[in-house]
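Take a look at the structure set out below.
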Amino acid sequence: MNARNAALSIWILSFVASLGSLFFSQVMKLAPCELCWYQRIALFPIVILLPIALLKNEIEVFGKYLTALILAGTSFSAYHNLLYYEFIPKTLSPCREGASCTERHIEFFGFIGIPLMSLVTFAFMLVVCALFLCRNRKQ
């Protein structure tokens, strides 16, 4: 996997996820919880960072910044899913004020909630990033 394809794949995922996130909050008026905000903080810069890196042909963005953002987003998303699907008690939720981290706003097919969509997105981005980094180390 070359840098351009990896970056484009990750950018498309992050762009669609950002649009989805903004759609849920701005159009559907679903207030994001605290963990959702942390995931957005990790997600939104990717949409801006990758096109700039592609234009400047800076492959090192993968090792320096992108991996850190994706790992942070994946971590917050994984924790959010553990709360949402009640693998850990709600008392461990950081959401004290505002929207609840465990409230079920939307569930596709009866089990795919917003936290799971976020986790799958970050997981795909992490896999693409890891494949690219592993392939580049061998060369």
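Against the main long axis of the alpha-carbon atoms of the chain, helix 67-84 sits at an angle near 20°.
Using a probe radius of 1.4 angstrom, the carbon and sulfur fraction of the accessible surface of the chain is 69%. If every alpha-carbon in region 1-72 counts as one equal scatterer, what log10 I(q)/I(0) does Debye give at q = 0.18, 0.24, 0.27 1/Å? Each listed q maps to, in turn, -0.70, -1.05, -1.22. If you model region 61-139 as an ellipsoid using its alpha carbon gyration tensor, with each semi-axis the square root of five times an eigenvalue, the axes come out at 30, 14, 9 Å, biggest first. With the alpha-carbon atoms of region 75-115 aligned to their principal axes, the span from lowest to highest coordinate is 28, 20, 17 Å, starting with the largest. The calculated 222 nm mean residue ellipticity attributable to helices in the chain amounts to -21500 deg cm²/dmol, summing -39500 (n - 2.57) over DSSP H runs of n ≥ 4 and dividing by all residues. Positive-end ranking of Phe62, Phe44, Phe24 along the dipole of the chain, with charges on Cβ about the Cα centre, is headed by Phe62.
Scanning the chain for GluC sites (Glu not before Pro) that sit in a DSSP loop and have at most 11 other Cβ atoms within 10 Å, the longest stretch containing none of them is 1-59. Average accessible surface for the chain: 59 Å² per residue, computed with a 1.4 Å probe over protein heavy atoms with every protein chain in place. For mean projected area of the Cα convex hull in nm², the value computed from the atomic coordinates appears in the list (i) 10.3; (ii) 7.8; (iii) 9.0 under label (iii).
The values are calculated or read from the model by the stated rules, or taken from the named source; none is laboratory data. What you see is a predicted model, and the numbers here were worked out from it, not measured in a lab. Because the Cβ atoms are built from the backbone with ideal geometry, glycine has one as well, and the counts that use them run over all protein chains shown. Areas reflect the complete protein model, heavy atoms only, side chains present, ligands, DNA and RNA absent. Shrake-Rupley method; radii C 1.70, N 1.55, O 1.52, S 1.80 Å.
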